[in-house]
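The values are calculated or read from the model by the stated rules, or taken from the named source; none is laboratory data. Since this is a predicted model, take the numbers as computed values, not measurements. Glycine also receives a Cβ, built like all others from the backbone with ideal geometry; neighbour counts cover every protein chain displayed. The protein model used for the area step is the full one, side chains on, heavy atoms only, and it has no ligands, DNA or RNA in it. Shrake-Rupley method; radii C 1.70, N 1.55, O 1.52, S 1.80 Å.
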Amino acid sequence: MRFASLGSGSRGNATLVEAGSTLVMIDCGFSCRETERRLSRLGRTAADLSAVLITHEHGDHVRGVPLLARKYDLPVWMTRGTQRVMRDNAMPRLQFFNGHTPFSIDGLQVSPFTVPHDAQEPCQFVFEFQARRLGVLTDTGRMTPHIVECLDACDALLLECNHDADMLATGPYSTRLKQRVGGPLGHLSNAQAGRLLSQLDCSRLQHLVAAHLSDSNNRPELAQAELARVLDCEADWIGVARQEAGLDWRRIA
Ligand SMILES: [Zn+2]
Ligand SMILES: [Zn+2]
């Protein structure tokens, strides 16, 4: 199994997971054309996709989904809650999952789990293939016992480090937006991501990648330093999925 990011942050998110001949994309917050460009950068095309999985309906996660799904006749999986509030939900091969029931796509096991975030029915995912586990968590306001249980003992983790609490407090956002981002249904700070990480069994961890970093309220080296402190490793061992550059393929051995 391997994974990569087309880009990560408040201006668009999309993650690839490849296992054997199965290729799934989690979210697609870029325009159709931009998605095609970013896929080709990773050596793939939209026609290679087995399915698209949606975490929640925010624009930075679904912007390109309907058009891409129609153009390439792709199966798109989402919760009923997400589907209810998608502005454009005319997709030819729409499929539903619920946040407590694992399913599989061509041999890749997908275990959704529910998260507290200000969306209708937001979920994140753990992927399993040949006894390897990849956990993806990009939009959650806080850590819950359920999240800790679901993400335990992963071989690779893509983990939200949205903001540095001090940078958010003194940064350019309005008071209302600061409260939303920093609140229990917003996004994880570096410190919150670190606390979550400290609760997990990391003995199998081969890759840790910080994701969904805010341009205005975070810096990659702050997120890396926080996660490295928890793992007691070198800061540059921690990967960062960038808004423009994304993240190159990472193979889980
Ligand atoms: Zn969101
Ligand atoms: Zn987001």
Expressed per residue, the solvent accessible area of the chain in Å² (1.4 Å probe) is about 42
Non-local residues with an amide H under 5 Å from the amide H of A14, with H modelled 1.01 Å from N and Pro and chain starts lacking one, are L6, G7, G29
Expected unfolding gain across V148-A131 under the 0.36 nm per residue rule, minus the alpha-carbon gap, is 4.2 nm
Diffing region 34-49: the Karplus 3J(HN,Hα) column from phi (6.51, -1.76, 1.60, θ = phi - 60°), in whole Hz with x for Gly and Pro, holds 5, 5, 4, 5, 6, 5, 5, 4, 9, x, 10, 10, 4, 5, 7, 6
Under 5 Å from the placed amide H of L23, counting only residues 5+ away or on other chains, we find S50, A51
For K178 the rounded accessible area (nearest 10 Å², probe 1.4 Å, non-protein molecules ignored) is 50
Percent of all Cα-Cα pairs per 10 Å bin for region 161-253, counting from 0 up to the last occupied bin, reads 16, 46, 30, 7, 0
Two pseudo-spin positions, 7 Å from Cα along C-beta at T45 and at Q109, lie apart in nanometres by 3.4
Residue-normalised 222 nm signal for the chain, counting each DSSP H run of n ≥ 4 as -39,500 (n - 2.57), nearest 500 deg cm²/dmol, is -7500 deg cm²/dmol
Given GluC sites (Glu not before Pro), DSSP loops and at most 11 other Cβ atoms within 10 Å, the longest exposed-site-free stretch of the chain is 1-233
Residue by residue through region 150-157, the couplings from Karplus 6.51 cos²θ - 1.76 cosθ + 1.60 with θ = phi - 60°, in Hz, x for Gly and Pro, are 5, 8, 5, 6, 7, 8, 8, 9
Volume per residue (Å³) of the convex hull spanned by the alpha carbons of region 1-95 is 85
Projected onto their principal axes, the Cα atoms of region 52-205 stretch, largest extent first, over whole-Å spans of 45, 40, 22
In whole Hz, the Karplus estimates of ³J(HN,Hα) for region 238-253 (6.51, -1.76, 1.60; θ = phi - 60°; x where Gly or Pro) are 7, x, 9, 7, 9, 5, 8, 7, x, 8, 5, 3, 10, 8, 9, 6
One point scatterer per Cα, no solvent, Debye formula: log10 I(q)/I(0) for region 78-143 at q = 0.18, 0.20, 0.24 Å⁻¹ comes out as -0.74, -0.88, -1.11
Of the accessible area of the chain, computed with a 1.4 Å probe and all protein chains kept, carbon and sulfur make up a percent value of 47
In this structure, the FRET efficiency calculated for R93 and D232 from their beta-carbon separation, with R0 = 41 Å, to the nearest 0.05, is 0.35
Hydrodynamic radius by Kirkwood for region 71-112, inverse mean 1/r across distinct Cα pairs, in Å, is 11.3
Measuring from its Cα centre, the chain shows a charge dipole (+1 at each Lys and Arg Cβ, -1 at each Asp and Glu Cβ) which, in debye to the nearest 20, is 620
Scoring the chain by relative contact order with C-alpha pairs under 8 Å, at least six apart, yields a percentage of 19
Put C202, C161 in order of accessible area, largest first, probe 1.4 Å, and you get C202, C161
